[in-house]
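Here the structure comes first, spelled out in structure tokens, and everything after it is commentary.
Bear in mind that the values in this text are calculations on the coordinates, not laboratory data. None of these values were measured; they are calculated from a predicted model. Positions of Cβ are backbone-derived with ideal geometry, glycine not excepted, and every protein chain shown enters the neighbour counts.
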Amino acid sequence: MDDLAALRLQLEWGADEALEAEPIDRLRAPPPPQRSPTLRTWEGQRGGTSAGTPPRGTLAEQAMQAAAAARSLEELRAAIAAFDGCALRNTASHLVFADGDPSSGLLLIGDPPSAEDDRSGTPFAGPAGAYLDRMLASIGLDRGRLLLSPLIPWRPPGDRPPSAVELAICLPFLFRLVALSEPRRLVLLGPLAARSLLAPAVSRRRPRGAWLDAAIPGMPLTLPALPTFSPAELMRNSKDRRAAWADLRLLRRTLGSDPV
């Protein structure tokens, strides 16, 4: 096939523009790869502890190291903001960190950030947050006197569920949040929070209606955790509201007669 025939064939296939300004010899052997200047810098610093040294291990291990270095909630928030090992950070508008009173003794952990959470940078914003406020008010609780956190700090695009890899990278930050705030009890809002913090044999059954033990890395003892429905679930499925009300009453009885 001559060149003119080859060009006609490409036109018949739908080619209507040249992709390169100059012709490329596809049969020529490619040049040897160039060494990255950044890699040379890192190799020259190997064994040191300067800021130019690359983090070692998998992304999940790097997240564990960054989380473990935080000695306060402020340092943890800064560590999450500086961490660039999760692709969700690149598509999210804002980091969504915990909100509320760290000394309350009760930590509510919900779904990954929603679109409203992402825009505001606050967990449980928008209609789901307003619904949660009504749930808490029905048993005499105020979200401002509790600590609330999303499961992960960045919203997945399109509100899709986070992947297993994304969870493995982000959960060390949540575990460190629990260890630093030292709550006496956890409330797990939604099945993903329950699967992430409870033992697999327990979380597969979608448990609710009872306090279960949650083993948090970095904490010497297990924490009582109450798995229940998320506000978004209850807004979609009214049939679950009776069961959710039973969970709320259990929470109120456990906390005692005085508001947290």
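How big is the dipole moment of region 119-260 about its Cα centre under a simple scheme where the beta carbon of each Lys and Arg is +1, that of each Asp and Glu is -1, and everything else is neutral? Debye, nearest 20, please.
That gives region 119-260 a dipole magnitude of about 400 debye.
Mind listing the Cα extents of region 59-255 along all three principal axes, in Å, largest one first?
Projected onto its principal axes, the Cα set of region 59-255 covers 42, 37, 32 Å.
Using θ = phi - 60° and the Karplus relation 6.51 cos²θ - 1.76 cosθ + 1.60, list the HN-Hα couplings for region 70-76 in order, rounded to whole Hz, with x at every Gly or Pro.
The phi angles translate into 6, 10, 8, 5, 5, 5, 5 Hz.
Under 5 Å between amide hydrogens, which residues at least 5 positions from VAL187 or on another chain qualify, with H placed 1.01 Å from N in the peptide plane?
For VAL187, the qualifying residues are LEU107, LEU108, ILE109, LEU226.
Take the Cα radius of gyration of region 90-177 and divide it by 2.2 N^0.38 Å, with N its residue count; two decimals is plenty.
Here the Cα radius of gyration is 1.07 times the empirical estimate.
I'd like the FRET efficiency for ARG145 and ALA199, computed as 1/(1 + (r/R0)^6) with the beta carbon distance as r and R0 of 30 Å, rounded to 0.05.
Approximately 0.50, to the nearest 0.05.
In what sequence, highest mean first, do 137-144, 176-183 appear when ranked by Cβ atoms within 10 angstrom?
Values: 137-144: 14.6, 176-183: 20.5.
In decreasing order of mean packing, 137-144, 176-183 become 176-183, 137-144.
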